[in-house]
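For reference, the structure discussed in these notes is given below.
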Amino acid sequence: MLQVQKDSNSDIHLTRDNVKAIILDMFSGGTDTTALTLEWVMAELAKHPNVMKKAQGEVRRVLDVKANISEEHLYQLSYMKSIIKETLRLHPPSPLLVPRESTKNVMIQNFHIPPKTRVFINAYAIGRDPTSWENPEEFLPERFANNSIDFKGQDFQFIPFGAGRRGCPGLSFAITSLELALANLLYWFDWKLPQGVTEEDLDMSEAFGLTVHKKLPLYLVPKHHFS
C-alpha cells in the first residue's frame, strides 16, 4: 500500500487516512473472526475430548516444558491446524460471505443471473455439502490429514473466508492469532466441562447474523497442566 501511495503513475490514489483505515479494517476483522472461531474450536474440543487430548499431546510434544510458543512452532502443529480447518468448515465466521454483484448475464447450472443481481454465496451450506464432504455433519479433523484442501480460496468446496479479490483481507492475521491462542490454551491448561455437564449436554446451537456465534456462551473449567 505504501508503494502504491508513493507511485505517482498509479491509477490508485491512496491517502494516509486510506492506508490507516484499511489497516484498521484488517485488524478489527481479524480480531472478531479469531474470537468467535476460537469459541467454536473449544466447544468442538469439549464435545470431543479424545480430539482435545490428541491435540494437547501434539502441542506438548512439539514444545519444550514451559516454553514460549512462537510462530515457528505452528508449522509443526499439523493436527491442530486440521482441527481449525474442520471447525471453519462447520462454523464459517461469515456464513454468506461478502455479497457480489453480477456484471453481465450468467448461467450457472441452468440458473440465469441477469446483470446487476446481488449474489450471496452460502459458505455454510458449501461446507456441509454431502457431494463434497463425507459425513459432512460430523466433526472429523482427520479428513484434512494429508489433504491439500485449504481455506485460502483455491478450493471452492471450502471457502470460509471467501475467495478472489473479495476474500477476507485479515485472513493471515486472523489465522496466525487463532493458532497462537489455541496452542497456548492447549499447552498450558487441561479443560473440562462444568460439574454435571456431559458432552451430550453441550449446546451447539448457532445464533445467525452477519457472523455465526454460539447461541449460548461456552463455559469450561481450566486446570493448569504444569501445576
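Listed by chain and number, the lysines whose C-alpha is less than 18 Å from the C-alpha of K116, apart from same-chain residues fewer than 8 away, are K104.
Near L97, the amide H atoms lying under 5 Å from its own belong to A123; only residues 5 or more places off or on other chains count, and H is placed 1.01 Å from N. On a per residue basis, the convex hull of the C-alpha atoms belonging to segment 132-218 measures out at 152 Å³.
The residue list L186, M204, G162 was ranked by how far each Cα lies along the charge dipole of segment 140-211 toward its positive end, using unit charges on Cβ atoms, and G162 comes out on top. Between N50, T15, L38, whose Cα lies farthest towards the positive end of the dipole of segment 1-129 when Lys and Arg beta carbons carry +1 and Asp and Glu beta carbons carry -1, centred on the Cα centre? Final value for the positive-end residue is N50. Of the residues S78, S227, V106, the one whose Cα sits farthest towards the positive end of the charge dipole of segment 73-227 is V106 (charges of +1 on Lys and Arg Cβ, -1 on Asp and Glu Cβ, taken about the Cα centre). Taking D17, D32, D129 in turn, the Gaussian network model of the chain (Cα-Cα springs below 10 Å) assigns the largest fluctuation to D17. Report, in degrees rounded to the nearest 10, the 0 to 90 angle that the Cα long axis of helix 171-188 makes with the longest principal axis of the chain. Here the helix axis deviates by roughly 0 degrees. Annotation: peptides 208-214, 33-39, ranked by per-residue average of other Cβ atoms within 10 Å with the highest first, follow the order 33-39, 208-214. Computed 3J(HN,Hα) for segment 38-50, one whole-Hz value per residue from the Karplus formula 6.51 cos²θ - 1.76 cosθ + 1.60 where θ = phi - 60°, is 4, 5, 5, 4, 5, 5, 5, 5, 5, 7, 10, x, 5, glycine and proline marked x. Extension gain for V65-T211 works out to 48.8 nm (0.36 nm per residue, less the C-alpha to C-alpha distance). Name the shape class, rounded, prolate or oblate, that the alpha-carbon gyration tensor gives for segment 114-182, where a ≥ b ≥ c are the square roots of its eigenvalues, rounded holds for a/c under 1.5, and otherwise prolate holds if a/b is larger than b/c and oblate otherwise. Verdict is oblate for segment 114-182. Between R165 and V106, residue separation times 0.36 nm minus the direct Cα-Cα distance comes to 19.3 nm.
Can you pull out the trypsin sites (Lys or Arg not before Pro) in segment 40-86 that DSSP calls coil and that have at most 11 other Cβ atoms within 10 Å? Taking segment 40-86 and a limit of 11 other Cβ atoms within 10 Å, the loop trypsin sites (Lys or Arg not before Pro) found are K66. Annotation: amide H of E206 within the under-5 Å range of K215, sequence separation 5 or more or interchain, hydrogens built in the peptide plane. Taking every DSSP helix (H) stretch of at least 4 residues in the chain, weighting each as -39,500 (n - 2.57) and dividing the sum by the residue count yields a mean residue ellipticity at 222 nm of -12500 deg cm²/dmol.
For segment 49-144, applying the loop criterion from DSSP together with a ceiling of 16 other beta carbons within 10 Å to the GluC sites (Glu not before Pro) yields E134, E137, E138. Counting only other residues whose beta carbon sits under 10 Å from that of F151, what net charge do I get with K and R as +1, D and E as -1? Summing Lys/Arg as +1 and Asp/Glu as -1 gives +1. Here K85 is the anchor, and the lysines within straight C-alpha reach of less than 30 Å, apart from those fewer than 8 places off in the same chain, are K47, K53, K54, K66, K152, K192, K214, K215, K223. A simple spin-label model places pseudo-atoms 7 Å from Cα toward Cβ; at K20 and K192 they are separated by 5.1 nm. Taken about its Cα centre, the chain carries a charge dipole of about 420 debye when Lys and Arg each add +1 at the Cβ and Asp and Glu each add -1 at the Cβ. Net charge dipole, segment 97-154: roughly 520 debye, given to the nearest 20, about the Cα centre with Cβ charges of +1 for Lys and Arg and -1 for Asp and Glu.
The shape of the chain can be summarised by an equivalent ellipsoid whose semi-axes, obtained from the alpha carbon gyration tensor, come to 34, 24, 16 Å from longest to shortest.
Where a number appears in this text, it was derived from the coordinates with a stated rule and is not lab data. This is a predicted model, so every value here is computed, not measured. Virtual Cβ from ideal backbone geometry, glycine too; neighbours counted across all protein chains shown.
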